[in-house]
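Reviewing the structure listed below.
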Amino acid sequence: MEEARQEEREGIGAVVLLGAPGAGKGTQAKLLEKRYGIPQISTGDMLRQHVAQRTELGLQAQEYMQRGSLVPDDVVMRMVQGRFRAPDAVRGFILDGFPRTVVQAEILTEKLKHLGWPPPLVVYLAMDYNILLQRLTGRRSCPQCGKIYNIYLQPPAREGLCDIDGTPLITRKDDREDVIKERLRAFIEQTRPVAKYYRQVGLFHKLDGSRPPDVITSELFVLVDSRLHEEETETGTVA
Ligand code: AP5
């Protein structure tokens, strides 16, 4: 059963980053996390951790992830339950890769209401699909700190090693061309309707995700800052 609705909360609340595989959600989420001190909640990272630890949930998710399909809603919801109430999320959180179906979006709407948060700030990183393949096949990431690179577009200073901690970089198992195709299909069929859902309820901002990362980051900062200012105005701390 859902908990009773709490008092309105103060802070940034939920920031939802929507976009196709490779649109730059993870890259931007990490920068938002650093600037605003609120956690990145990446369902993809959480699922990969469950798979690596061979938990019951991970074993259920594995076959879907391997072929590039979405993991069933009930498995994902079981996993994220409680994460929004964790101590590090008291001022808000960045949702990277969630919600990914209209069912997940509807559940999130209810969850936020019950937790006393306003509706999320939703940012859709729109992409030209031709660029995605290069982004995904070139992606490497640090298993230690999570920093994301691209051997074609954003290479590390020393080949194959993380700039931050020198750890050897890894390639994600689902960044293979055949799996990427399926991930894109899942995005078009199941996640694009989520953008429509948010557009209809008026919570939607679209940014062109094919531009350089720092250009997108500055626009995202403006959007999140305006959310902070809204909140300050509502609580009367700004005239
Ligand atoms: P997940 O891990 O969420 O993967 P994804 O959505 O496919 O997104 P990616 O992580 O591939 O891309 P991104 O947008 O974060 O791009 P990034 O910043 O890394 O999900 C994996 C799987 O888990 C799913 O297939 C599904 O099975 C399951 N799953 C997860 N959540 C689920 C849910 N809620 N429900 C059901 N199933 C779920 O950037 C990509 C590359 O481009 C990098 O190399 C980066 O350096 C580069 N780059 C980024 N931005 C730019 C830029 N502006 N210019 C140039 N290069 C750039």
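Using 0.36 nm times the number of residues separating Ser218 and Asp74, minus their current alpha carbon distance, what extension gain do you get? All intermediate terms of the calculation are to be shown ahead of the outcome.
Numbers: separation 144, 0.36 × 144 = 51.84 nm, distance 3.54 nm.
Length gained, Ser218 through Asp74: 48.3 nm.
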Determine how large the accessible area of Phe221 is when every protein chain is in place; take a 1.4 Å probe and give Å² rounded to the nearest 10. 40
What length, rounded to one decimal in nm, is gained on full extension from Ile148 through to Lys113, with 0.36 nm per residue of separation minus their alpha-carbon distance? 9.3 nm
Taking 0.36 nm per residue of separation between Ser226 and Leu59 and subtracting their Cα-Cα distance, the length gained on full extension comes to 56.0 nm
Positive minus negative residues near Leu220 (Lys, Arg vs Asp, Glu; Cβ under 15 Å): +1
Per residue, in Å², the accessible surface of the chain once ligands and nucleic acids are set aside, probe 1.4 Å: 52
Fluctuation leader among Pro87, Pro168, Pro119 - the chain, Gaussian network, Cα springs under 10 angstrom: Pro87
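Past 26 Å, Cα to Cα, is the threshold; run Lys113/Lys206; Lys25/Lys113; Lys30/Lys206; Lys113/Lys181; Lys173/Lys196 against it and keep the listed order. Don't skip to the answer; put the middle values down first.
Working: Lys113/Lys206 24 Å; Lys25/Lys113 24 Å; Lys30/Lys206 19 Å; Lys113/Lys181 36 Å; Lys173/Lys196 30 Å.
Among Lys113/Lys206; Lys25/Lys113; Lys30/Lys206; Lys113/Lys181; Lys173/Lys196, the Cα-Cα distance tops 26 Å for Lys113/Lys181; Lys173/Lys196.
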In degrees rounded to 10, the 0-90 angle between helix 25-36 Cα long axis and the longest Cα principal axis of the chain is 50
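Explain nothing, just the number: dipole magnitude of the stretch 41-192 about its Cα centre with +1 on each Lys and Arg Cβ and -1 on each Asp and Glu Cβ, in debye rounded to the nearest 20.
About 140 debye.
The values are calculated or read from the model by the stated rules, or taken from the named source; none is laboratory data. Remember, predicted model here, so these are calculated numbers, not experimental data. No Cβ is skipped: glycine too gets one built from the backbone with ideal geometry, and neighbour counts run over all protein chains shown. We work out accessible area using only protein heavy atoms, side chains counted, and drop any ligands, DNA or RNA first. Shrake-Rupley method; radii C 1.70, N 1.55, O 1.52, S 1.80 Å.
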